[in-house]
Amino acid sequence: MIKILKLFAIILFTAGLLFSALAIFGLYIFFTAQNENRLPPAGEFINGPDNFSFAVISDSGMRDEPLDLILKDIKTKNVKFIFHLGDQARSLTINHFEYLLQFLDARLGEIPFYAVPGNHDITKSGTTNTRSYKRAFGQMNYYFSYGDTLFVILNTADSRFGKKRQIWLENTLSLLRKSFKNCIVLMHVPPVDPRPNENYAMYSDADELKNILSKYNINCIIAGHIHEYNEGVFAKIPLYIVPPSGQKMRGHTLKYGYLLCKTGKNSKPEIEKIDVTNKRGRNYLLSMLSSDLDGIKSAIIALSCLITSFIVLFAALLASHKKKN
């Protein structure tokens, strides 16, 4: 019995040390990852050529390896920046979002990366929490221009586009649209599902969004969420659905990939689907640790294991002492 108690104490103590290491890792992630170029240039007018390329990815949150391959491919295309249209995260913890920033920093360097919120980035088990997302990626509705193109980013992560957002969009387009040759609108949940007999789209406010966008000569709408590349029309505007870059593929999508978009002063934006890989791959260890065992949880578990191990060891020593007497 005494030997069993001592062995149990050793196991608990070892577990305590392990979770202490995970807690330290969590603190390291928390304090070292923030990078300003993952925040959008909200409200900025950026000088640049009228002819340029940018990439759009979406729905990467469940697998790291496909996203890794996709980002490597994008780096060969000489893009000015990358949009991620949401569902990056496995967890809403700050540690996990800091891991995402480190992941991007290691692979993209100085290439700007602008996020759009997805439902899995701000909602879990029916509860909305935007703190981690905003800390890592900034505003949820914003606009900026590059060259002669205006980009408008909309938060449709809750499958709605409420009155305050409608007013913001109307004011933004009425003030700025006439100053730019092109205008591209990006969001996570699309206003409509372009697939026949499917409705994986906004629950409400699509008509209100249609009334606003139809007035301002929008070149195209780009969205994610469906996990399948597709094309459609909304408010007489071309609608493109981005293929997934890590989450489960649906429909006829056979490969993870992204959209490569090219703009020009005398022509409409050109959009090309780029296929990269058909393998779901794996999750990297640090991703799982940052999402499933963040620093606070690890510290609590570590402390519990260490305290329990000392209690068990004390009980074993006390029993051994009584046995000798």
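No value in this document is a laboratory result; all are computed from the given coordinates. Just so it is clear, the structure is predicted and the values come from calculations on it, not from any experiment. Cβ sites come from the backbone with ideal geometry, for glycine too, and all protein chains shown count toward neighbours.
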Exercise. If each of residue 135 and residue 179 carries a label point 7 Å out from its Cα toward its Cβ, how far apart are those two points in nm?
Worked result: 3.4
Exercise. Can you pull out the trypsin sites (Lys or Arg not before Pro) in segment 232-265 that DSSP calls coil and that have at most 14 other Cβ atoms within 10 Å?
Worked result: 236, 248, 265
Exercise. How big is D, in µm² s⁻¹, for segment 133-227 by Stokes-Einstein at 10 °C and 1.306 mPa s if Rh is the Kirkwood radius over C-alpha pairs?
Worked result: 114
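Could you work out the percent of alpha carbon pairs in segment 52-162 separated by over 16 Å, rounded to a whole number?
Values: 3595 of 6105 pairs.
Value for segment 52-162 (Cα pairs over 16 Å): 59 percent.
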Exercise. How far is it, in nm, from the label point at residue 167 to the one at residue 200 when both lie 7 Å from their Cα along the line to the Cβ?
Worked result: 3.5
Seminar exercise, completed: Beyond 31 Å, the calculated P(r) of segment 48-286 holds a percent of Cα-Cα pairs equal to 16
